[in-house]
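**Q** Got a structure for you, written out below as structure tokens; questions coming shortly.
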Amino acid sequence: MLRLRKFLKPYTTLILLSIILLFVQAMSELSLPDYMAHIVNNGIQQGGIDTAVPSAIRQSTLDKLVVFLSEEDKAAVLSAYTLIDPATAEGARLVEQYPAAADEPVLVFDESRYNEDLNHLLGRAFAAVTGMEQMMADPEAAATVSGQAGAMLATLPEGTDIFEMLGSLPAALRQPIMDTLEARFETLGDTMTVQAGISAVKAEYEALGMDTAGIQNAYIVRTGAAMLGLSLLSGAASVTVGLLSARTAAGSARDVRRAIFRKVQGFSNAELDRFSTASLITRSTNDVNQLQMVIIMLIRIVCFAPILGIGGILKAMQTDASMWWIIALAVVILLTIIFTVFSVALPKFRIVQSLIDRLNLVARENLSGIMVVRAFNTQAFEEQRFDKANHDLLTTTLFINRIMVIMMPMMMLIMNGLSLLIIWVGAHQVAASAMRVGDMMAFLQYSMQVVMSFLMMSMMFIILPRASVSGGRIAEVLEVEPTIRDPQPPKRFGPTFEGAVEFRNVTFRYPGAEEDVLHDLSFTARPGETTAFIGATGSGKSTLTNLIPRFYDVTEGAILIDGVDIREVTQHDLRDKIGYVPQRASLFSGTIESNLRYADEDVSEAVLQESIAIAQAADFIDEKPEKLAADIAQGGINVSGGQRQRLSIARALVKRAPILIFDDSFSALDFRTDAALRRALKQKTAGATVLIVTQRVSTIRNAEQIVVLDDGRIVGKGTHEELMDTCEVYREIALSQLGMEELAR
């Protein structure tokens with residue numbers, strides 16, 4: 001597929017924009033579990049309070065907190081809070097917000113002073129106050145304090161203000177108590193310690209008379225709105241990427257089809273012999289469709305899945321690094337499954353396209369030869385042949401589909417097993433206060449995103465091999481270098497073109513053949529004369545005429561027109577001088593007029609009618625109600641063989657070329673029509689160089705020059721009378737077709 005990357009260059013901007021939008025989509029989706037964790041942890045469990053730094057605090061509570069702070073930390077905390085003065089207007093407003101300020105001193109926090117260090121500092125202080133209160137309420141907890149400090153706590157009289165007492169204790173006595181609290185903090189960890197502090201902040205807000213239910217609802221609504229916004233952003237990015245990827249894929253597929261068509265148009269017969277018609281059709285349709293589909297998948301999945309997968313792993317590690325092994329286990333199992341499926345399915349993908357080629361070939365041969373099939377009553381044989389090709393494709397496709405069917409349940413099993421394992425391990429950590437519920441839920445979501453990213457990539461591993469084969473088949477056609485090329489710089493024919501065709505010691509061998517087909521041919525076809533070629537079947541007559549328009553190039557020798565080697569002029573200039581009627585008359589779908597104007601769209605009506613008259617086609621055209629507007633089916637199957645030949649001859653005459661080549665083009669005509677056509681042709685194309693290939697002696701007996709071929713060699717050359725006397729091969733052909741009396745006329 002990399003061999004076709006040039007077709008994506010015009011769409012680089014769209015691809016880059018798609019990648020940017022995919023990054024936006026991935027980041028939006030990766031942020032959603034975080035917000036969900038915030039709703040659970042902060043919105044539900046913590047009442048919408050997400051920091052251990054209270055916006056307001058009672059003086060009595062602050063006095064308790066500073067007991068557990070160093071002098072430096074105490075100064076930092078006190079400088080961040082300002083006492084509310086109810087006598088001022090601002091103080092009155094704050095009293096409405098914090099009703100307790102009317103009865104006792106309350107301080108408000110300066111939001112500009114907030115930082116994470118202060119959050120952890122006050123979180124630990126609040127947790128210490130709470131822990132100290134629990135310790136005093138539980139004699140067994142107080143007994144855990146060692147030494148003299150522990151004995152003192154155990155004997156304190158009821159009603160003693162422990163925090164005032166701790167503030168007055170010497171450092172030596174206060175340190176064991178602080179060590180006991182510190183040990184608890186180490187067990188909880190920083191996150192859980194801050195969460196414990198936040199619970200104390202909520203209690204402080206309730207003591208201040210604040211609407212804690214309103215705070216909780218506002219937090220949940222605010223966070224939910226952010227999640228909704230991210231979801232909408234992700235959806236918009238996804239839709240836009242879908243549009244951009246579709247435009248990129250469709251545009252590049254169009255360009256590839258156009259490139260294939262143009263390439264095949266430039267093929268000589270040597271290149272066309274390498275690829276069957278069915279194969280070229282499959283490569284231009286089915287293979288390009290595979291390529292188009294994989295481009296969409298590459299943009300939407302291959303770029304998106306790694307971002308989602310890597311981002312999910314990083315986010316999960318940030319949420320809880322202790323469960324990394326669960327994701328690692330799932331990824332290893334997924335990679336093992338993907339590698340196994342890929343190694344089994346890849347060989348089958350390599351043969352699917354060739355099987356489609358075979359199916360198209362059989363169907364095309366059967367449809368194009370349906371009359372022969374019916375004539376020989378071989379419908380059953382053709383059905384068996386089609387069934388064989390169809391069954392081979394069916395078997396291979398079913399094998400691939402079964403692999404894909406097996407993969408999906410296995411992936412779902414892994415996802416569900418992963419969910420259960422995370423919930424089981426996470427529940428134990430939540431119970432041990434080592435993890436919050438919201439963090440466990442976020443870790444579960446991130447794990448699912450990681451698995452989904454690998455699932456998406458596994459789909460690509462299924463699609464890519466077939467697309468890779470299709471891309472290689474397309475590249476095979478596009479990378480073929482035509483053997484017949486225009487020279488650089490080319491020569492041009494002279495201003496007074498006559499059309500004399502000279503074969504000078506021409507030898508030809510088909511590409512890959514072991515023997516020559518034509519051997520040392522030399523003759524000249526002059527303007528105003530008819531040069532005819534006759535010989536047994538396989539003697540090289542059609543091959544000879546195919547060399548003149550350069551459908552093949554000579555192996556040795558040269559073909560000259562007006563003294564110029566045809567290999568030294570462009571193919572366009574050469575073929576512009578030639579009117580060609582192939583051995584097998586070929587018409588295109590459309591009308592009679594469109595087929596005739598195929599040679600010259602701007603031809604006048606007079607020339608069109610004259611060409612029709614010369615080709616003896618006027619009678620059957622006039623019989624049709626639509627005249628020239630009558631429909632012609634693909635290949636001309638709705639007209640007879642003789643009518644196809646006459647329309648092909650008329651088309652060549654419309655071109656008014658100085659060189660006319662008729663490759664056995666009168667074989668389907670009756671003798672009367674043949675004679676009338678030759679008379680009209682002689683009269684109307686008197687100045688042209690006419691070359692006729694035929695099996696009929698009657699068609700060419702009046703030709704100025706007859707060239708007799710036998711096994712690729714010229715065995716006779718001259719007029720009919722001369723050859724009857726000098727050429728045994730020609731005499732045998734003539735006697736086999738005409739009686740002595742007819743030959744003597």
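**Q** Go over the candidates ILE20, ILE15 one by one and state the one that is surrounded by fewer than 17 Cβ atoms within 10 Å (Cβ to Cβ), within 19 Å of the chain's Cα centre (by Cα), closer than 27 Å to ILE299 by Cα and among the β-branched types (Val, Ile, Thr). Write out each step before concluding.
**A** Working: ILE15 fails: surrounded by fewer than 17 Cβ atoms within 10 Å (Cβ to Cβ).
That would be ILE20, the only listed residue that is surrounded by fewer than 17 Cβ atoms within 10 Å (Cβ to Cβ), within 19 Å of the chain's Cα centre (by Cα), closer than 27 Å to ILE299 by Cα and among the β-branched types (Val, Ile, Thr).
**Q** Mind checking whether some residue in region 77-91 is open to solvent by 30 Å² or more (accessible area, probe 1.4 Å), among the acidic types (Asp, Glu), over 30 Å from THR319 (Cβ atoms) and modelled with pLDDT of 85 or more? Steps first, please.
**A** First pass over region 77-91, keeping only residues open to solvent by 30 Å² or more (accessible area, probe 1.4 Å): 78-79, 82-83, 85-90.
From what's left, among the acidic types (Asp, Glu): 85, 90.
Now narrow it down to the ones that are over 30 Å from THR319 (Cβ atoms): 85, 90.
Next, only the ones that are modelled with pLDDT of 85 or more stay: 85, 90.
Within region 77-91 (the criterion being open to solvent by 30 Å² or more (accessible area, probe 1.4 Å), among the acidic types (Asp, Glu), over 30 Å from THR319 (Cβ atoms) and modelled with pLDDT of 85 or more), the answer is yes, since at least one residue qualifies.
**Q** Continuing with the same structure: Considering region 442-464 alone, what residues qualify as being open to solvent by 10 Å² or more (accessible area, probe 1.4 Å) and either over 26 Å from ASN41 (Cα atoms) or of a type in the set (Ser, Thr, Tyr) (or both)?
**A** Here is the first cut: in region 442-464, the ones open to solvent by 10 Å² or more (accessible area, probe 1.4 Å) are 444-445, 448-449, 452, 454-457, 459, 461-464.
Correct list: PHE454, LEU455, MET456, MET457, MET459, PHE461, ILE462, ILE463, LEU464.
**Q** Just checking: which of the strands (runs of 3 or more DSSP E) contained wholly in region 665-745 hold 1 or more residues that are modelled with pLDDT of 80 or more, surrounded by fewer than 20 Cβ atoms within 10 Å (Cβ to Cβ) and touching a Gly at 6+ places or on another chain (Cβ under 7 Å)?
**A** Values: elements: 689-693, 705-710, 713-718.
Qualifying strands (runs of 3 or more DSSP E): 705-710.
**Q** Among (1) touching a residue at least 24 places away in the same chain (Cβ under 8 Å); (2) touching a strand residue (DSSP E or B) at 6+ places or on another chain (Cβ under 9 Å); (3) within 20 Å of THR545 (Cβ to Cβ); (4) open to solvent by less than 60 Å² (accessible area, probe 1.4 Å), where does ALA615 come up short?
**A** (2)
**Q** A further question on this structure: Scan region 500-522 and tell me whether some residue there is out of contact with any Cys (no Cβ under 9 Å at 6 or more places or on another chain), open to solvent by 40 Å² or more (accessible area, probe 1.4 Å), over 29 Å from VAL581 (Cα atoms) and not in a loop (DSSP other than H, G, I, E, B).
**A** No, region 500-522 contains no residue that is out of contact with any Cys (no Cβ under 9 Å at 6 or more places or on another chain), open to solvent by 40 Å² or more (accessible area, probe 1.4 Å), over 29 Å from VAL581 (Cα atoms) and not in a loop (DSSP other than H, G, I, E, B).
**Q** Could you figure out which of (1) under 30 Å from MET440 (Cβ atoms); (2) open to solvent by less than 70 Å² (accessible area, probe 1.4 Å) isn't true of ASP50?
**A** Here ASP50 meets the rest and fails (2).
**Q** Any chance region 76-99 includes a residue that's under 30 Å from SER470 (Cβ atoms) and of a type outside the set (Asp, Glu)? I'd like the intermediate steps shown before the answer.
**A** Step one: of region 76-99, the residues under 30 Å from SER470 (Cβ atoms) are none.
Taking every residue of region 76-99 in turn, none turns out to be under 30 Å from SER470 (Cβ atoms) and of a type outside the set (Asp, Glu).
**Q** Could you run through region 555-576 and say how many residues are assigned to a loop (DSSP other than H, G, I, E, B) and charged (D, E, K, R)?
**A** So the first thing to find is which residues in region 555-576 are assigned to a loop (DSSP other than H, G, I, E, B), and the list is 555, 562-563, 570.
Next, only the ones that are charged (D, E, K, R) stay: 562.
Qualifying residue count, region 555-576: 1.
**Q** Take the residues in region 310-350 that are within 23 Å of the chain's Cα centre (by Cα) and not aliphatic (A, V, I, L, M), then tell me which one is least open to solvent (accessible area, probe 1.4 Å).
**A** PHE349
**Q** Still on this structure, I have one more. Considering only residues that are over 30 Å from MET460 (Cα atoms) and aromatic (Phe, Trp, Tyr), look in region 380-406 and name the one that is least open to solvent (accessible area, probe 1.4 Å).
**A** PHE386
**Q** How do the pairs read when you match residues in region 37-62 that are aliphatic (A, V, I, L, M) with residues anywhere that are open to solvent by 30 Å² or more (accessible area, probe 1.4 Å) and in a loop (DSSP other than H, G, I, E, B), using Cβ under 7 Å and keeping only pairs 6 or more apart or on different chains?
**A** Qualifying pairs under 7 Å: VAL53/TYR114.
**Q** Among the helices (runs of 4 or more DSSP H) confined wholly to region 364-479, which include 2 or more residues that are of a type in the set (Gly, Ala, Ser) and under 29 Å from GLN292 (Cα atoms)? Steps first, answer last, please.
**A** Working: elements: 370-375, 379-431, 437-478.
Qualifying helices (runs of 4 or more DSSP H): 437-478.
**Q** Any residue in region 360-373 that is buried (at least 19 other Cβ atoms within 10 Å of the Cβ), touching a residue at least 12 places away in the same chain (Cβ under 8 Å) and not charged (D, E, K, R)?
**A** First pass over region 360-373, keeping only residues buried (at least 19 other Cβ atoms within 10 Å of the Cβ): 360.
Restricting the remaining residues to those that are touching a residue at least 12 places away in the same chain (Cβ under 8 Å) gives 360.
Pick out the ones that are also not charged (D, E, K, R) and you get 360.
The answer is yes, given that some residue of region 360-373 is buried (at least 19 other Cβ atoms within 10 Å of the Cβ), touching a residue at least 12 places away in the same chain (Cβ under 8 Å) and not charged (D, E, K, R).
**Q** Please state which one of ASP73, ASP50 is within 21 Å of ILE215 (Cα to Cα) and at pLDDT below 85.
**A** On the way: ASP73 fails: within 21 Å of ILE215 (Cα to Cα).
None of the others qualify; the one that does is ASP50.
**Q** Out of VAL581, VAL564, VAL554, report the one residue that is open to solvent by less than 30 Å² (accessible area, probe 1.4 Å) and within 30 Å of ALA633 (Cβ to Cβ). Full working, then the answer.
**A** Numbers: VAL564 fails: within 30 Å of ALA633 (Cβ to Cβ); VAL554 fails: within 30 Å of ALA633 (Cβ to Cβ).
The unique qualifying residue is VAL581.
**Q** Mind checking whether some residue in region 387-398 is of a type in the set (Gly, Ala, Ser), within 34 Å of the chain's Cα centre (by Cα) and modelled with pLDDT of 85 or more? Break it down stepwise before answering.
**A** Within region 387-398, the first condition is being of a type in the set (Gly, Ala, Ser), and the residues that meet it are 389.
Subsequent filtering for residues that are within 34 Å of the chain's Cα centre (by Cα) retains 389.
Then drop every residue that is not modelled with pLDDT of 85 or more, which leaves 389.
Within region 387-398, one or more residues are of a type in the set (Gly, Ala, Ser), within 34 Å of the chain's Cα centre (by Cα) and modelled with pLDDT of 85 or more.
**Q** So ASN377 fits all but one of (1) closer than 30 Å to ILE474 by Cβ; (2) open to solvent by 30 Å² or more (accessible area, probe 1.4 Å); what number is the exception?
**A** (1)
The values are calculated or read from the model by the stated rules, or taken from the named source; none is laboratory data. Bear in mind that the values here come from a model prediction, so they are computed numbers and not experimental data. Note: ideal-geometry Cβ built from the backbone for every residue, glycine included; neighbour counts use all protein chains shown. All accessible areas refer to the heavy atoms of the entire protein, side chains included, with ligands and DNA or RNA removed. Shrake-Rupley method; radii C 1.70, N 1.55, O 1.52, S 1.80 Å.
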